[in-house]
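First up is the structure itself, then whatever we jot down about it.
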Amino acid sequence: EELMKTSIFPGCRRSLRLENESMPERKFRIHVAIQICSLVRGYQDCLFFVSASQPVFNRDRFLRQAPALFEDKRPTALIDINYTDRMAKILSPRSKRFLSVLVNTQHFHQLLERLSE
């Protein structure tokens with residue numbers, strides 16, 4: 001109980017909750033956080049600093065190479081299944097559309113600013 005009241009990250013403000021969360025609620029929140037983190041994985045490789053206090057995000061580069069853009073290639077026929085086909089990745093049009101919208105949101109830009117502080 002006492003552990004739940006402390007923040008894991010020093011300096012981060014913990015939001016107040018109206019009631020205690022159940023274990024399924026906690027697991028759901030953690031799962032959502034993990035999924036969001038996996039969407040923005042690789043953003044550091046696309047962040048450049050014009051000056052020490054001015055980060056610039058290379059949106060086009062991120063939308064070409066972000067790991068979340070790619071999914072496993074599905075075999076077209078059971079006969080053609082081999083190891084290299086199973087390991088192949090293809091660009092997901094759905095993921096590209098979603099990430100294109102995501103990186104243009106104000107929340108995403110605020111996240112970049114906070115992470116670069």
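The values are calculated or read from the model by the stated rules, or taken from the named source; none is laboratory data. Remember, predicted model here, so these are calculated numbers, not experimental data. Surface areas here come from the heavy atoms of the whole protein model, side chains and all, with no ligands, DNA or RNA. Shrake-Rupley method; radii C 1.70, N 1.55, O 1.52, S 1.80 Å.
Would you list GLU19, GLU117, GLU71, GLU25 from the most to the least accessible area, probe 1.4 Å?
From most accessible down to least: GLU117, GLU19, GLU25, GLU71.
Residues with amide H under 5 Å of LYS73's amide H, sequence separation 5 or more or different chain, H placed in the peptide plane at 1.01 Å from N; which?
Residues meeting the amide H criterion: ALA88, LYS89, ILE90.
Can you give the accessible area of ILE34, probe radius 1.4 Å, in Å² rounded to 10?
Surface accessible to solvent at ILE34 totals approximately 100 Å².
What are the ³J(HN,Hα) couplings of region 111-116, residue after residue, when phi is run through the Karplus curve with 6.51, -1.76, 1.60 and θ = phi - 60°? Round to Hz, x for glycine and proline.
Here the 3J(HN,Hα) series is 4, 4, 4, 5, 5, 8 Hz.
Could you derive backbone 3J(HN,Hα) for region 48-56 from the dihedral phi with the Karplus parameters 6.51, -1.76 and 1.60 (θ = phi - 60°), listing whole Hz in sequence and x where the residue is Gly or Pro?
Ordered by residue, 3J(HN,Hα) equals 10, 10, 5, 9, 4, 10, 10, x, 10 Hz.
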